[in-house]
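*Asks:* Below is the structure I would like to discuss, written out as structure tokens.
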Amino acid sequence: MAKAYSISRMLRKMTADFRQERAKHLLRWPGKGVSLWLWKICSNRHGGAGAQTKRVVDMHEMNEDQLVSVLAALIERDVAEAAKVVEDLPVGDGAALLSAVPVQVGVRLINRLQSGFAGALLEQCEVEKIKKLLINMPAQQAAAIVMHLSVEKRGELLPEIKGRLVDNIRELLTYPEGSVGRYMSMDMLTFKKDESAGAVIDRLRKLSVERKFPASYAYVVDEDNVLQGVLNTRTLFLAEPGQRLESIMITSVFALHCFTDRSDAAREMASRKYFAAPVVDGENRLLGVIKAENMLRGIKEDLSGDMQKMFGVGGDERVFSSIGFALKKRLLWLTVNLGTAFLAAAVVALFQDIIAKLTILAVFLPVIAGQGGNAGAQSLAVVMRGLVMREIPPARVPALILKETKLGAINGLVIGIITAVIAYVWYGNYWLGVVIGLGMIINLIIAGLAGSSIPIIMKRIGIDPAQSSSIILTTVTDVMGFLAFLGLAVLFQNYLI
């Protein structure tokens, strides 16, 4: 009964506002009475006036289903106008409205709402209703709304969503460390390109009074939330009330991709003297807004943290961190590196007899290890960037690994020939050049294969490639490089000694 009363109250509010905006509309109130006059305008496909029917309905005699039907009809008749009315309602009433109307009507209404306000409404809806709304939206739009939900609400919602949609939402909500997407804000003003200047000005006035929005630009999007332009405040207030935004907006808009590095974005914004910029995805859909102050605040810490991680120190360790805290961050990686070093040493120990007979082999061990590690690191860097930027679809993984392996073979051939010539000139033994050359080719092939496949495998099994790939890669290139080089030396020892 309370829900029906709430819907009735919203209907009164909505029809009253509609009556002020338009003289000819689907619903209107006669005077101060409680009767609802429902006008149904029937027009033919060419837009000509058709028959007009009228009937009087007493809202006190309507049950909840009837009220919801009238409410849905009102929204469907003019979604843009309905969205303006809903944004004037208290959040609780707006949430009750979304909970009451059919899913498809709710989706159309959400498309017209500010994403932050839509998130506030859904925050008060039941999880089952939110799920039904989200599965009827594109993943990009669903993710934008989920970002406005509280952590608790997300925790309740995401386990209830099954299949590809939840994977897409989680993927879209996860942006690389240091990227613009990590630091963007969803507090922004967006308007549809077909809205009128007068209506937008009215909405801005209401929003400034009822809710606090941070000072920023106002952006214009289309029905698919693709960024179309930005509004100049002066142009907006000087425009005729009936002018559409698409006729007064600035279409040349500077925008940042959500995966852009924060340092690069800061330089771009500083050169243009912008205090904020829109953030878009690969299809130019508006995701949020990034402020210059948010990017600049942490760049210094990011740079120092990256340098520390390169040497096996936690990025959050400071100069005067306690000894216990520093040990936790450093000792684990030192232990892991020690284990991998002993593994490579064990391989060398297997061939100590041939090394004792031909000590020149020991001279070339660092060359083999260094070249293999560098070649693998090149492949690793390319693949890691591809994973971060989501440029590697699963179907193309085999082609990527094959390409990096071929590249390793070509590099190995060139570097192997150069190394073989140097070995021959240095030691005067042709067969030593053959051994070191073949060992280099094998090691660089393995480096290309390992450098491209290790981060992909790590990601598949749920381990962060950024922290584990380099250690595993170094181990593989050292062990396999030593094994190939020294194994070939054993095979050709009769020609070397």
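The values are calculated or read from the model by the stated rules, or taken from the named source; none is laboratory data. All of these numbers come straight from a predicted model, not from anything done at the bench. No Cβ is skipped: glycine too gets one built from the backbone with ideal geometry, and neighbour counts run over all protein chains shown.
*Asks:* Give 383, 425 a once-over and let me know the one that is β-branched (Val, Ile, Thr), without any contact (Cβ under 8 Å) to a residue 12 or more places away in the chain and either assigned by TED's automatic domain parsing to the domain that holds residue 330 or over 30 Å from residue 258 (Cβ atoms) (or both).
*Replies:* Among 383, 425, only 425 is β-branched (Val, Ile, Thr), without any contact (Cβ under 8 Å) to a residue 12 or more places away in the chain and either assigned by TED's automatic domain parsing to the domain that holds residue 330 or over 30 Å from residue 258 (Cβ atoms) (or both).
*Asks:* Right, something else. Checking the condition modelled with pLDDT under 95, surrounded by fewer than 21 Cβ atoms within 10 Å (Cβ to Cβ) and either farther than 19 Å from residue 379 by Cβ or touching a helix residue (DSSP H, G or I) at 6+ places or on another chain (Cβ under 8 Å) (or both), which residue from 455, 465 passes? Write out each step before concluding.
*Replies:* Values: 455 fails: surrounded by fewer than 21 Cβ atoms within 10 Å (Cβ to Cβ).
None of the other options fit; the residue is 465.
*Asks:* Yes or no: segment 474-490 includes at least one residue that is touching a residue at least 12 places away in the same chain (Cβ under 8 Å), among the hydrophobic types (A, V, I, L, M, F, W, C) and over 27 Å from residue 421 (Cα atoms).
*Replies:* No.
*Asks:* Something else about it: Just one of the numbered conditions (1) surrounded by fewer than 19 Cβ atoms within 10 Å (Cβ to Cβ); (2) more than 23 Å from residue 175 (Cα to Cα) is not true of residue 387; which one?
*Replies:* Only one criterion is unmet by residue 387, namely (2).
Quick grid of which residues meet (1) of a type outside the set (A, V, I, L, M, F, W, C); (2) modelled with pLDDT of 80 or more; (3) in contact with a Leu (Cβ under 9 Å, 6 or more places away or on another chain):
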{"site": "228", "(1), (2), (3)": "yes, yes, yes"}
{"site": "261", "(1), (2), (3)": "yes, yes, no"}
{"site": "271", "(1), (2), (3)": "yes, no, no"}
{"site": "278", "(1), (2), (3)": "yes, yes, yes"}
{"site": "281", "(1), (2), (3)": "yes, yes, yes"}
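*Asks:* Quickly run through segment 264-291 and pick out the residues that are free of Cβ contacts under 8 Å to residues at least 40 places away in the same chain and more than 13 Å from the chain's Cα centre (by Cα).
*Replies:* 264, 266, 267, 268, 269, 270, 271, 272, 273, 274, 275, 277
*Asks:* Name the residue that is surrounded by the fewest Cβ atoms within 10 Å (Cβ to Cβ), counting only residues in segment 219-243 that are charged (D, E, K, R) and out of contact with any strand residue (DSSP E or B) (no Cβ under 6 Å at 6 or more places or on another chain).
*Replies:* Only one residue tops the list, namely 234.
*Asks:* On to the next question. Give me the pairs: first residue in segment 336-359 and assigned by TED's automatic domain parsing to the domain that holds residue 469, second residue of a type in the set (S, T, N, Q), beta-carbon distance under 8 Å, and six or more apart or on different chains, which are they?
*Replies:* The qualifying pairs are 340/474; 340/475; 343/475; 344/475; 354/493; 357/493; 358/493.
*Asks:* Could you look through segment 117-143, keep only residues that are assigned to a helix (DSSP H, G or I) and in contact with an Asp or Glu (Cβ under 8 Å, 6 or more places away or on another chain), and pick out the one that is farthest from residue 189 (Cα to Cα)?
*Replies:* Here the residue is 128.
*Asks:* Within segment 246-297, can you find the residues that are within 14 Å of residue 182 (Cα to Cα) and either of a type in the set (Ser, Thr, Tyr) or in a loop (DSSP other than H, G, I, E, B) (or both)?
*Replies:* Within segment 246-297, 258, 259, 260, 263, 281 qualify.
*Asks:* If you don't mind, another one. Taking segment 84-116, which residues are more than 18 Å from residue 134 (Cα to Cα) and part of a helix (DSSP H, G or I)?
*Replies:* Selection gives 84, 85, 86, 87, 88, 91, 92, 93.
*Asks:* Given the residues 449, 473, which is the only one that is touching an Asp or Glu at 6+ places or on another chain (Cβ under 9 Å) and surrounded by 20 or more Cβ atoms within 10 Å (Cβ to Cβ)?
*Replies:* Details: 473 fails: touching an Asp or Glu at 6+ places or on another chain (Cβ under 9 Å).
Selected residue: 449, the only one of 449, 473 that is touching an Asp or Glu at 6+ places or on another chain (Cβ under 9 Å) and surrounded by 20 or more Cβ atoms within 10 Å (Cβ to Cβ).
*Asks:* If you check 414, 425, 435, which single one turns out to be among the β-branched types (Val, Ile, Thr), over 20 Å from residue 340 (Cβ atoms) and buried (at least 22 other Cβ atoms within 10 Å of the Cβ)?
*Replies:* 435
*Asks:* Mind counting the residues in segment 179-196 that are farther than 13 Å from residue 117 by Cα and within 17 Å of the chain's Cα centre (by Cα)?
*Replies:* The qualifying residues number 7.
*Asks:* Pull up segment 146-157, narrow it to residues that are surrounded by fewer than 18 Cβ atoms within 10 Å (Cβ to Cβ) and under 19 Å from residue 115 (Cβ atoms), then point me to the one that is modelled with the lowest pLDDT. Before the answer, list the steps.
*Replies:* Within segment 146-157, the first condition is being surrounded by fewer than 18 Cβ atoms within 10 Å (Cβ to Cβ), and the residues that meet it are 150-152, 154-156.
Narrowing the set further to residues that are under 19 Å from residue 115 (Cβ atoms) leaves 150-151, 154.
Values: 150: 80, 151: 75, 154: 80.
Ranking the qualifying residues of segment 146-157, first place goes to 151.
*Asks:* Would you say residue 139 is at pLDDT 80 or above and buried (at least 16 other Cβ atoms within 10 Å of the Cβ)?
*Replies:* Values: at pLDDT 80 or above: no; buried (at least 16 other Cβ atoms within 10 Å of the Cβ): yes.
When the stated conditions are applied, residue 139 does not pass them.
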